[in-house]
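Here's the structure, in structure tokens; my notes come after.
Rule-based calculations on the coordinates, nothing more; no lab input. In this text the structure is predicted, and so the values were computed from the model without any measurement.
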Amino acid sequence: MAEEVSQFSRVITYDRAGLGWSEKSPHERDSKVIVAELHSVLEKKDITGPIILVGHSFGGVNMQRYALTYSEYIAALVLVDSAHEDQINKMPQTNSLQKYLFKFGMWAAPVGIPRLYLSNTNPEEKAKKSTTKHQYTSLDEAEYFPRSLSELNELTPNFGNLPLVVVARNKASSEIDNTKTRDLVMGNFAGRHCHSLYQ
């Protein structure tokens, strides 16, 4: 997706501190800290807007918080299968065995266990995600995830007139009752002078 958008807009993809190729951070891994770190990076690079934020999963939480905190820089917000601030309360809970297996896989990073369950179809992604640094940071983010959702909920997200696109797939399109949904079409938010920031 980023490659396609880069044909008409400047695109910046961002690895949160401790993930991918980014250095670790000494700070807690909740959304408030992550957004402050991102804003610091953008200021140092003199990227002030207009910015189209694109966030996937937990990145969607961070991008929502960023848009609420630094609204003057934001041209539009795109959420791709984003986590929701109420999801812990509304979604089925992970059982203890699943949690243990997840943490065991992360803790076993030094002996290469994550390489066994990461996809082989994208070698670069596998190389980034199989590092000990990445796995331990993922554990830290998971620990602070409830706090991040709670903090976003306390902000009572309301984006006003900000263009917002939500991309999600809970059902096959043939199963969706079109009389009860609003079609959202991504328009030309990303003009030549916009930056698209992916997290």
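Ellipsoid fit via the Cα gyration tensor, region 1-95: semi-axes of 23, 17, 14 Å, each the root of five times an eigenvalue, largest first. For the set Lys32/Lys128; Lys24/Lys128; Lys24/Lys129, the pairs lying more than 18 angstrom apart at their alpha carbons are Lys32/Lys128.
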